[in-house]
Amino acid sequence: MNLSKQAGERAAQTPVPAMEPGLLLEVRNLKKYFPIERGFLRRVVGYVRAVDDVSISVPEGKTLGLVGESGCGKTTLGRCILRAIEPTSGEVLMRINDDVVNITSLPSKQMRAVRRHMQMVFQDPYSSLDPRKTILDIVGEPLRLNKIAEGRDLQQRVRELMEVVGLNVRYLKRYPHAFSGGQRQRIGLARALSINPKLIVCDEPVSALDVSVQAQILNLFQDLQKQFNLTYLFVAHDLSVVEHISDEVAVMYVGKVVEQAETEELFQHPKHPYTEALLSAVPHPNPKRPLHEIQLQGEIANPANPPSGCYFHPRCRYAKEICRAETPPRIEVGPRHFSACHFAHELTLQGVEA
Amino acid sequence: MNQTDPVIEVKNLRTHFRLDEGILKAVDGVDFTIHKNRTLGIVGESGCGKSVTAQAILRIVPRPGTVAGEILFYRELSGANGSADIIDLAALDAAGPQIRDIRGREIAMIFQEPMTAFSPVHTIGFQMMEAVLVHEKVGNDAARQRAVEMLRRVGIANPERRVDEYPYQLSGGMRQRAMIAMALMLRPKLLIADEPTTALDVTIQAQILRLIKELQAEMGMAVMFITHNLGVIANMADEVAVMYLGRIVEYGAIDQIFSQPQHPYTQALMRSIPKVGRKSRERLLAIAGTVPVPLNPRPECGFASRCTQYIAGRCDTRVPDLITVGPNHQVRCVLYVPR
């Protein structure tokens, strides 16, 4: 705890903007532009706007689902929040104990202390675990690196963690190859939990799993959240999974968050045409409900050369003149319901029927 | 619907791999028929044998896999040279000229990962034309024209330009559509789609599913659609075969399977998936345990170890028969009596 106090002190020196009570994480105007280099001199000829002026917030102990199509920047956003990659500009605020820390401006030494409170769980349980390390090594590594436990003490902690995630303690000295995908994801979770983080960024954690195993892992995520008051940023492209696990959902399109709302509100009463199109394309496991998806025109915009105004306007069936000309602001259309559409108030969009 | 027009009839298909550790029975006694203009959905999780079944039909099972049983393929009557119109693919030499003639021309396959279906060093157009040039007597220009037309048909903008591009220049969704275009260049009688939309985003998935349906209606091809996504199956299939551990455990008309699933595995599978529009955040009803590997399987019901309705002495003594429980509905479970 000593380390986090240091971080808090440091944070107190640089003025940190206030954060609404109840929030654990707030992202303000975050940008990540990757330079495009050309030629012998590696001249920068443009930028890929992977994350483009994103503002989202996550209440403590809740799950924010982040959905969007591949290449929309959802993974990059998750990584920028952890500062696994450095954002170009913007702020990431996190409440640690009673202090608010601006993660984006922390020097690397303090960042290490803060990183204890944030962990990541990855998509591919086959490539995210070192094949030459035993479960004891993998799960115990964060404890050892952060000098929290070692020796017999460490082993005891790892045993406890394995029980928490539902792994047989007898497998302590086994290597990852001996485990199935679901079990590996449990190992990844045990490792993430080892240092009592507050925030876990989960990047497509169940999309590589079998359907019957996926349900087990989703249940485990929910149980652990209750038990440890965890806050999740849950990145996924499967909308039914996201609806199931999330308290709130944010929808991304070409680097921008176009809508964020409480889950049921977003699925029943979307306020952005892209969300409407996305929801309409989810096939229902019911043969009597054939797909009537909104057929989007053209291809997804290129984040290196996005269209003017609203990035969605070339494909939007409600687009008007203003959409071509002006970037829509993020407006609050209801309590904790944000939409970046010029016509969010006027449009009546189709949600998912229960 | 016309049920008298079968395109492929699979009878007691078995694909086994003799390994050092024992015999891996990837497919162990599978029967089904797909008719013209109809889609059979094959549902199952990894290791259930759904992809190996597809490989067996095309005779591209990797070594040391064997193919036994019958795979009757109904060819167009080619009268002139007097060749038979029904051919047993299982009896053909896997490297012989006959199966090579059928592969790609009469039976085409699309995969989950389009990058592996294309050669990275040739243009899309070259690869699409190659299929036509190999199988048909047409000139370069005509073949190229057909490739452009087909790309247009699958909704790729500027097909005249795209036809000369390399696979890496296309986005994932476009590549998937280009692969479908390539598979359909020769108007196959049977299209095998192995998880063709699993790696795609929902909006592109919807586009691809619509495309396959449209082309099916136009060409009247039979489709074997393999997936683990029950939402996709519900939208695509006329009939469904649910596979588990190398066998079909339930088979029937789509409405039957979804409204009255009978096998404990099918029922559990339906309950374990989150459904969009259900406002609940309650726990999912997960299936305990993991999918077993069919290595030296014991003569018992494959689902016995995970089944909540397991009956000792009945489920673990022999493999249950696939019995008919209603019109167009079969189940492999001891809980039911034949009707």
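The values are calculated or read from the model by the stated rules, or taken from the named source; none is laboratory data. Values in this document were obtained by computation on a predicted structure and should not be read as measured data. With ideal geometry, Cβ positions are generated from the backbone for all residues, glycine too; neighbour counts draw on all protein chains shown.
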Only one of (1) in contact (Cβ under 8 Å) with a residue 60 or more places away in the chain; (2) within 28 Å of A:Ile96 (Cβ to Cβ); (3) surrounded by 22 or more Cβ atoms within 10 Å (Cβ to Cβ); (4) within 12 Å of chain B (Cβ to nearest Cβ) is not met by A:Glu262, so which one is it? (3)
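Output the number of residues of the range A:312-353 satisfying the condition of being touching a Lys or Arg at 6+ places or on another chain (Cβ under 6 Å) and touching a residue at least 60 places away in the same chain (Cβ under 8 Å). Don't jump to the end; show me each part of the working.
Going residue by residue through the range A:312-353, those that are touching a Lys or Arg at 6+ places or on another chain (Cβ under 6 Å) are A:313, A:333, A:338-340, A:344.
Cutting the leftovers down to touching a residue at least 60 places away in the same chain (Cβ under 8 Å) gives us A:333, A:338-340, A:344.
Adding up the residues that qualify gives 5.
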With respect to the numbered conditions (1) free of Cβ contacts under 8 Å to residues at least 12 places away in the same chain; (2) out of contact with any His (no Cβ under 8 Å at 6 or more places or on another chain), which one is the sole condition not fulfilled by B:Val223? (1)
Note on the range A:265-279: residues touching a strand residue (DSSP E or B) at 6+ places or on another chain (Cβ under 6 Å) and more than 12 Å from chain B (Cβ to nearest Cβ) are A:Lys271, A:His272
Determine whether B:Ile254 is within 7 Å of chain A (Cβ to nearest Cβ) and at pLDDT 90 or above. yes
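Considering the range B:261-291 alone, what residues qualify as being of a type outside the set (A, V, I, L, M), touching a residue at least 60 places away in the same chain (Cβ under 8 Å) and in a loop (DSSP other than H, G, I, E, B)?
Going residue by residue through the range B:261-291, those that are of a type outside the set (A, V, I, L, M) are B:261-267, B:271-272, B:274-275, B:277-283, B:289-290.
With touching a residue at least 60 places away in the same chain (Cβ under 8 Å) added as a condition, the list becomes B:262-264.
Once the filter is applied, which keeps residues that are of a type outside the set (A, V, I, L, M), touching a residue at least 60 places away in the same chain (Cβ under 8 Å) and in a loop (DSSP other than H, G, I, E, B), the range B:261-291 yields B:Gln262, B:His263.
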Filtered residue count, the range A:326-354, keeping only those that are of a type in the set (A, V, I, L, M, F, W, C) and within 14 Å of another protein chain (Cβ to nearest Cβ): 2
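For the range A:205-229, which residues satisfy the criterion of being assigned to a loop (DSSP other than H, G, I, E, B) and out of contact with any strand residue (DSSP E or B) (no Cβ under 6 Å at 6 or more places or on another chain)? Write out each step before concluding.
Let us first name the residues in the range A:205-229 that are assigned to a loop (DSSP other than H, G, I, E, B), namely A:205-210, A:229.
Within the range A:205-229, A:Val206, A:Ser207, A:Ala208, A:Leu209, A:Asp210, A:Asn229 qualify.
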Any pair with Cβ under 7 angstrom, 6 or more apart, that starts in the range A:280-306 at a residue that is more than 9 Å from every other protein chain (Cβ to nearest Cβ) and on the phi < 0 side of the Ramachandran plot and ends at one that is surrounded by fewer than 17 Cβ atoms within 10 Å (Cβ to Cβ) and in a loop (DSSP other than H, G, I, E, B): A:Ala301/A:Pro307
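Can you work out which of the residues in the range A:113-145 that are in a loop (DSSP other than H, G, I, E, B) and free of Cβ contacts under 8 Å to residues at least 60 places away in the same chain is farthest from A:Ile200 (Cα to Cα)?
For the range A:113-145, the residue satisfying everything is A:Arg132.
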Conditions first: (1) touching a strand residue (DSSP E or B) at 6+ places or on another chain (Cβ under 7 Å); (2) closer than 21 Å to B:Val7 by Cβ. B:Arg103 passes all but one, so which condition is the exception? (1)
